[in-house]
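Below: the structure, in structure tokens.
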Amino acid sequence: MCGIVGYVGKDIAYPFLIQGLKRLEYRGYDSAGIAVSDGSLRVQKCKGKVADLERHVGSDMAVGNVGIGHTRWATHGEPNDRNAHPHFSMNGHFALVHNGIIENYTELKRDLEQKGYLFQSETDTEVLVNLIDFFYTEGEEVNAETAVRQALARVVGAFGIAVICEGEKDQLIVARRGSPLVIGIGQGSYFVASDQTPMIGYSENIIYLNDNDMAIINKNCLTIKTVEDKPARFKISRISKSVGEIDKGDFAHFMLKEIFEQPKTIGDTFRGRISADRHSISLGGLLEVLPRLTVARRIILIGCGTSWHAALVGEYLIETYARIPVEVELASEFRYRNPILSADDVVIAISQSGETTDTLVAIRMAREKGATILGICNVAGSSVARETDAGIFTHAGTEIGVASTKAFTAQVTVLTLLALKLAFERNEISSNQYSILISELSGIPDKIRTILAGHLQIKEIASRYKEASNALYLGRGSLFPIALEGALKLKEISYLHAEGYAAGEMKHGPIALVDDNLPVVVVSPRDSYYEKIVSNIQEVKARKGNIIAVVTEGDELLKEMVADVFEIPDSHPAVTPLLAIIPLQLFAYYIALLRGCDVDQPRNLAKSVTVE
Ligand code: G6P
């Protein structure tokens, strides 16, 4: 949520800043700005996307070897030019970009106003930059670094900041508490960004700044300490992304590219974990905690958004196969409700980005209560990866489309591996069943390829429903979360109101919505719920609802009964969620496309939500 970049080094800062912002735009895209310094500070910022900023920028920004940039997801104050970052201090000494929320900004602002500071914007960020300015101008022999430390000591809330000061040529100061920051080490240059993608092509070596750390970066020198000026620990890692991952290739949108990547990303996620003979699963990241996990009193899966939907699928899989009680919690609820946890509970946090604030705070709270904390995460080096006792990485690669697709199926793949592994370790399934289920999972990429091959048919069906204003998605068992996820995809990118419901609950409310205008998407492959869901379909049909059903290939009965079908190959119920979601992702994509929506950057959303 909000992307930050910074540069100091031997080259002109602007090219890295503008390209870095383009790569971070998935984090927020309602306004953008850049500040550079060649002894005097210059800023350009505007409402809109980075491309709009690029059009605004005159040649005067291509000066100076130090600079900062920002792409915004508004928290305080509407998206407009004034509220866009960077913000200047009133005296013009400092420019600052910020990701996060300063919770005590009202009180700080009041104090500063009493001291004569005037504000141009409605943001909390402008309060922070003026607070830094205050310590700088009022203190005796206070340099920029000390002023930033003094100001941060007064701040309550979350921040990732990058600051430049007019008086300190060629110096960049960055600090984080809650919001991620990465430093790239180049040849005679340092780069800063909210994640490692802007570094690709610039730097091979990166440092993930730890929470509460601050870096003073000069052209030839990097100093990392805590915000309180104490020694800090940090590690230099190799960059793990490549240019291909952040490039759309021949696809019209990142989302479409990412949907089509799923045979590969699911394969990447299970490859190396499934033995060549398909008889066993090994989860390297869990080796040490596996004994604790197999005897867990309870597993609690937490996450937000799509990751929460993956957790719901995981609940069905773990309870069905491993027979361990599972609870699924929205991280944003879990963290506030003082849950009862003990040392024999295992909390598994699921997060694509590894930076979602609610999930991180929930992890910390669960740790304090003594639970074992594991992570399922897509980003090595992210906060979730660093703050959990152990975990399993999904290998989905960089996901750029704001609506999550391949990260979801990678999470479900990991949860399937985990459920089967636990089931076998706990003697809940035989070796033979174990091998059958492993083979079923390894057959998924090919089955997804056949669904993807029919994408134009899905586009054609989407064209018949693009004018709808509401949609209802129904499913049962592990396909109920797939109905929720299908509905979420549609609402996120096409702005259609869509609701996911457990099919058995339909008669308790949503059936009142059914008429001949309402598309009802029913996830109804042949499984143990089939007869029940066919009855639900009859109930919708009797009320003239337009049914689109996800069916098992060759299901003539349902083909006859409903308006449209998305066929998926026959599969074992343990792995059907991985297939059933694919046509729903494509359906949402094509509806959004046909409605002229911005598929990769839907309004009001951001990919990484680092505010509460
Ligand atoms: C945002 C994204 C969703 C994502 C959710 C949780 O809302 O738009 O796609 O599912 O955050 O993010 P996480 O990175 O923790 O999985």
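The set of residues in the range 394-407 that are closer than 27 Å to Ile206 by Cα and within 13 Å of the ligand (Cβ to nearest atom) comprises Thr394, Ala396, Thr398, Glu399, Ile400, Gly401, Val402, Ser404, Lys406, Ala407.
What's the number of the only condition in (1) more than 13 Å from Phe191 (Cα to Cα); (2) assigned to a helix (DSSP H, G or I) that Leu17 fails to meet? Going through the list (1) more than 13 Å from Phe191 (Cα to Cα); (2) assigned to a helix (DSSP H, G or I), Leu17 breaks only (1).
Table: residues versus (1) among the hydroxyl-bearing types (Ser, Thr, Tyr); (2) more than 16 Å from the ligand (Cβ to nearest atom).
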{"site": "Ser442", "(1), (2)": "yes, yes"}
{"site": "Gly454", "(1), (2)": "no, yes"}
{"site": "Arg464", "(1), (2)": "no, yes"}
{"site": "Leu479", "(1), (2)": "no, yes"}
{"site": "Leu490", "(1), (2)": "no, no"}
{"site": "Leu496", "(1), (2)": "no, yes"}
{"site": "Glu499", "(1), (2)": "no, yes"}
{"site": "Val521", "(1), (2)": "no, yes"}
{"site": "Ile533", "(1), (2)": "no, yes"}
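If you scan the range 303-340, which residues turn out to be free of Cβ contacts under 8 Å to residues at least 40 places away in the same chain, in a helix (DSSP H, G or I) and more than 16 Å from the ligand (Cβ to nearest atom)? Across the range 303-340, the qualifying residues are Glu315, Glu319. Restricting attention to the range 52-75, the residues being over 19 Å from Thr125 (Cβ atoms) and open to solvent by 50 Å² or more (accessible area, probe 1.4 Å) number 6.
Which one of these is more than 27 Å from Asn220 (Cβ to Cβ) and touching a residue at least 12 places away in the same chain (Cβ under 8 Å): Lys22, Lys10? Going through Lys22, Lys10 in turn, the sole match is Lys22.
For the range 82-104, state whether one or more residues are of a type in the set (Asp, Glu), at pLDDT below 95 and out of contact with any strand residue (DSSP E or B) (no Cβ under 8 Å at 6 or more places or on another chain). Within the range 82-104 (the criterion being of a type in the set (Asp, Glu), at pLDDT below 95 and out of contact with any strand residue (DSSP E or B) (no Cβ under 8 Å at 6 or more places or on another chain)), the answer is no, since none of the residues qualifies.
Here Glu355 meets each of (1) surrounded by fewer than 23 Cβ atoms within 10 Å (Cβ to Cβ); (2) among the charged types (D, E, K, R); (3) within 16 Å of the ligand (Cβ to nearest atom) with one exception, condition (1). Evaluating Asn378 against the criteria (1) within 13 Å of the ligand (Cβ to nearest atom); (2) surrounded by 24 or more Cβ atoms within 10 Å (Cβ to Cβ); (3) in contact (Cβ under 8 Å) with a residue 40 or more places away in the chain leaves one unmet condition, (3). If you go through the range 67-93 and keep only what is of a type in the set (A, V, I, L, M), assigned to a loop (DSSP other than H, G, I, E, B) and closer than 22 Å to Ser37 by Cβ, you end up with Ala84, Met90.
Within the range 341-352, the set of residues being open to solvent by 10 Å² or more (accessible area, probe 1.4 Å) and more than 16 Å from the ligand (Cβ to nearest atom) comprises Leu341, Ser342, Ala343, Asp344. Kindly evaluate Ile400 against the criterion of being at pLDDT below 95 and open to solvent by less than 50 Å² (accessible area, probe 1.4 Å). Taking the combined requirement at face value, the residue satisfies it.
Taking the range 164-229 as the region of interest, the strands (runs of 3 or more DSSP E) fully inside it that hold 1 or more residues being among the small types (Gly, Ala, Ser) are 171-177, 182-185, 189-193, 213-218. Is it the case, given these coordinates, that Asp170 is within 26 Å of His76 (Cα to Cα) and among the acidic types (Asp, Glu)? So Asp170 does not fit the description; no. Name the residue that is farthest from the ligand (Cβ to nearest atom), counting only residues in the range 285-302 that are aliphatic (A, V, I, L, M) and under 30 Å from Ala487 (Cα atoms). Checked the range 285-302; the qualifying residue farthest from the ligand (Cβ to nearest atom) is Ile299. Counting only residues that are part of a helix (DSSP H, G or I) and of a type outside the set (Val, Ile, Thr), which one in the range 230-248 is surrounded by the fewest Cβ atoms within 10 Å (Cβ to Cβ)? Filtering the range 230-248 for residues that are part of a helix (DSSP H, G or I) and of a type outside the set (Val, Ile, Thr), the one surrounded by the fewest Cβ atoms within 10 Å (Cβ to Cβ) comes out as Gly244. In the condition set (1) within 27 Å of the chain's Cα centre (by Cα); (2) within 20 Å of Val8 (Cβ to Cβ), Ser40 is compliant with all but (1).
The values are calculated or read from the model by the stated rules, or taken from the named source; none is laboratory data. The structure presented is a predicted model; accordingly, all values stated were derived computationally and were not measured. Heads up, the Cβs are rebuilt from the backbone with ideal geometry, glycines too, and the neighbour counts pull from every protein chain shown. What goes into the accessible areas is simple: the full protein's heavy atoms, side chains included, and nothing from ligands, DNA or RNA. Shrake-Rupley method; radii C 1.70, N 1.55, O 1.52, S 1.80 Å.
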